[in-house]
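Asks: Let me give you the structure first, and then I'll get to my questions.
The values are calculated or read from the model by the stated rules, or taken from the named source; none is laboratory data. Worth saying up front: this structure is predicted, and the values here are computed from it rather than measured. Backbone-built Cβ (ideal geometry, glycine too); neighbour counts: all protein chains shown. The protein model used for the area step is the full one, side chains on, heavy atoms only, and it has no ligands, DNA or RNA in it. Shrake-Rupley method; radii C 1.70, N 1.55, O 1.52, S 1.80 Å.
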Amino acid sequence: MHYTPATVQLLSTEGKIVTSDAAAEYLPYIEQLSDEQLRDFHRNMVVMRMIDLDAANLQRQGQLAMWIPSLGQEAAQVGSGFAARPQDHLFPAYREHAVARIRGVDPIKLIALLRGLSHGGWDPKENGNFHLYTLVIGSQTLHATGFAMGIQLDGATGTGNLDTDEAVMVYFGDGATSQGDVSEALVFAASYQTPEVFFLQNNHWAISVPVTRQSRTPLYLRPSGFGIPSVQIDGNDVLASYAVTRANLDATRSGDGPRFIEALTYRMGAHTTSDDPTKYRKSEELEFWTAADPISRFEAYLRSRGEGDGFFAEVATEGADAASDIRRRIHDLGTPSVSSMFAHVYSEPHPVMDAQLAWLEAYEASFAGTEGGHA
């Protein structure tokens with residue numbers, strides 16, 4: 001499934017502004033962006049890609065239990081991430097590394113999580129209201145919808161003030177649309193008219209299952225059955241991702257009910273580092289999406305605006321330094337204490353957890369003094 005006649009695109013694959021009827025509604029959002037904001041779009045896409053690539057290498061070298069690549073999906077994430085206002089709450093799946101960085105999450109926290117050193121990763125209140133990664137497919141849509149119902153009941157939205165009214169955005173993939181949790185979230189969002197944007201990153205593959213097998217119709221049509229307005233965008237176009245997301249977030253925070261965005265993008269690499277996409281994908285498909293690469297497309301656009309070699313060299317250096325910094329700091333993460341796995345199961349001390357910790361400590365102590373540390 002490539003682009004469709006309904007796909008909103010503001011930047012062509014050659015890096016030129018599109019002036020179609022579908023684009024006209026959103027071009028004013030782009031015209032309001034400063035040169036520095038446009039540079040930030042490019043900077044974040046490039047830096048996160050370089051961190052992403054190095055993290056995959058770290059996993060191959062035994063430094064991570066797993067890595068979840070976001071290669072190729074940078075525009076969908078960076079555009080939507082910058083479209084959110086500071087007061088908004090964002091609920092990720094597990095691949096939204098660029099959004100996490102934009103909202104203030106240090107990438108080393110993503111590394112710690114996937115190294116097996118953290119049960120949660122970060123405090124959302126201290127990281128731009130960016131909530132925790134969720135490995136249970138689709139469950140974050142219910143978390144987001146419940147949270148959106150909460151801010152609605154608190155009167156924190158729908159007052160008409162775009163600078164203070166809150167909204168919620170939840171990220172999920174095409175595979176998650178086959179989960180019951182997503183349909184249930186859409187039901188409650190429509191019923192309660194929550195201030196919420198469902199942001200679907202359709203990267204075309206749920207591990208080895210193509211989206212064409214999951215859905216016989218484009219996924220952006222599915223929300224209409226729930227009474228939720230939707231739009232399909234070119235997810236490799238950072239300008240479309242930004243403008244359409246900003247428009248829909250501001251509509252939902254103003255009391256217009258939930259919205260749904262399907263961003264057509266592509267997972268250029270593996271689903272995770274335990275996957276081999278060459279076993280199930282055709283090279284022709286990869287070639288199509290490589291030609292639509294979000295970073296090279298946006299670089300062409302910036303160059304047409306007069307951006308010179310110096311800026312792109314500076315960004316490349318920044319990306320290399322960021323990746324090198326992650327590689328250096330990973331060795332300083334240390335090992336968590338054994339007791340930490342029992343510390344946050346319940347909000348208060350619990351006798352069962354205390355008993356399990358005592359058993360484990362006694363079990364490990366039983367090996368003391370044995371040859372090589374083993375019985």
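Asks: Would you be able to say whether some residue in the range 151-167 is open to solvent by 60 Å² or more (accessible area, probe 1.4 Å) and within 29 Å of Arg267 (Cβ to Cβ)?
Replies: no
Asks: Just checking, does the range 300-308 include any residue being part of a helix (DSSP H, G or I), within 15 Å of Met48 (Cα to Cα) and open to solvent by less than 40 Å² (accessible area, probe 1.4 Å)? Show your work before the answer.
Replies: Here is the first cut: in the range 300-308, the residues part of a helix (DSSP H, G or I) are 300-304.
Adding the requirement that they be within 15 Å of Met48 (Cα to Cα) leaves none.
No, because not a single residue in the range 300-308 is part of a helix (DSSP H, G or I), within 15 Å of Met48 (Cα to Cα) and open to solvent by less than 40 Å² (accessible area, probe 1.4 Å).
Asks: Report whether or not Tyr363 is in contact with a Ser or Thr (Cβ under 7 Å, 6 or more places away or on another chain) and more than 30 Å from Gly15 (Cβ to Cβ).
Replies: Numbers: in contact with a Ser or Thr (Cβ under 7 Å, 6 or more places away or on another chain): no; more than 30 Å from Gly15 (Cβ to Cβ): yes.
No.
Asks: Of a type in the set (Ser, Thr, Tyr) and over 25 Å from the mean Cα position of the chain (by Cα), is that true of Ser324?
Replies: Numbers: of a type in the set (Ser, Thr, Tyr): yes; over 25 Å from the mean Cα position of the chain (by Cα): no.
Spelling it out, it is not the case that Ser324 is of a type in the set (Ser, Thr, Tyr) and over 25 Å from the mean Cα position of the chain (by Cα).
Asks: For residues in the range 335-345 being open to solvent by less than 60 Å² (accessible area, probe 1.4 Å) and touching a residue at least 60 places away in the same chain (Cβ under 8 Å), which is farthest from Ala55 (Cα to Cα)?
Replies: Taking the range 335-345 as the starting set, the residues that turn out to be open to solvent by less than 60 Å² (accessible area, probe 1.4 Å) are 336, 338-340, 342-343.
Now narrow it down to the ones that are touching a residue at least 60 places away in the same chain (Cβ under 8 Å): 336, 340.
Numbers: Pro336: 21, Ser340: 25 Å.
Top of the filtered list is Ser340.
Asks: Shifting gears a bit: Consider the range 171-209. How many of its residues are in contact with a Lys or Arg (Cβ under 9 Å, 6 or more places away or on another chain), at negative phi, in contact (Cβ under 8 Å) with a residue 60 or more places away in the chain and of a type outside the set (A, V, I, L, M, F, W, C)?
Replies: 7
Asks: Further question on the same structure: Could you please find all residues in the range 218-247 being surrounded by 17 or more Cβ atoms within 10 Å (Cβ to Cβ) and small (Gly, Ala, Ser)? Quick ask: steps written out before the conclusion?
Replies: Restricting attention to the range 218-247, the residues satisfying the condition of being surrounded by 17 or more Cβ atoms within 10 Å (Cβ to Cβ) are 218-220, 222-223, 226, 228, 230-247.
Within the range 218-247, Ser230, Gly235, Ala240, Ser241, Ala243, Ala247 qualify.
Asks: All but one of (1) surrounded by 15 or more Cβ atoms within 10 Å (Cβ to Cβ); (2) touching a strand residue (DSSP E or B) at 6+ places or on another chain (Cβ under 7 Å); (3) of a type in the set (Gly, Ala, Ser); (4) without any contact (Cβ under 8 Å) to a residue 24 or more places away in the chain hold for Gly121; which doesn't?
Replies: Among (1) surrounded by 15 or more Cβ atoms within 10 Å (Cβ to Cβ); (2) touching a strand residue (DSSP E or B) at 6+ places or on another chain (Cβ under 7 Å); (3) of a type in the set (Gly, Ala, Ser); (4) without any contact (Cβ under 8 Å) to a residue 24 or more places away in the chain, the lone unmet condition for Gly121 is (2).
Asks: Which residue out of Ala247, Ala251, Ala270, Ala243 is in a loop (DSSP other than H, G, I, E, B), over 17 Å from Thr4 (Cα atoms), of a type in the set (Gly, Ala, Ser) and under 22 Å from the mean Cα position of the chain (by Cα)?
Replies: Working: Ala247 fails: in a loop (DSSP other than H, G, I, E, B); Ala251 fails: in a loop (DSSP other than H, G, I, E, B); Ala243 fails: in a loop (DSSP other than H, G, I, E, B).
Going through Ala247, Ala251, Ala270, Ala243 in turn, just one is in a loop (DSSP other than H, G, I, E, B), over 17 Å from Thr4 (Cα atoms), of a type in the set (Gly, Ala, Ser) and under 22 Å from the mean Cα position of the chain (by Cα): Ala270.
Asks: One residue is enough: does the range 196-217 have a residue meeting the conditions at pLDDT 95 or above, surrounded by 15 or more Cβ atoms within 10 Å (Cβ to Cβ), in a helix (DSSP H, G or I) and of a type in the set (A, V, I, L, M, F, W, C)?
Replies: No, the range 196-217 contains no residue that is at pLDDT 95 or above, surrounded by 15 or more Cβ atoms within 10 Å (Cβ to Cβ), in a helix (DSSP H, G or I) and of a type in the set (A, V, I, L, M, F, W, C).
Asks: Exactly one of (1) open to solvent by less than 100 Å² (accessible area, probe 1.4 Å); (2) at pLDDT 85 or above; (3) assigned to a loop (DSSP other than H, G, I, E, B) is unmet by Glu348. Its number?
Replies: (1) is the only condition that Glu348 fails.
Asks: Which pairs turn up if I take residues in the range 347-367 that are closer than 17 Å to His119 by Cβ and look for partners that are hydroxyl-bearing (Ser, Thr, Tyr) and not in a helix (DSSP H, G or I) with beta carbon separation below 7 Å, at least 6 apart in sequence or on another chain?
Replies: Short answer, once both residue conditions are applied: Met353/Tyr346; Leu357/Ser339.
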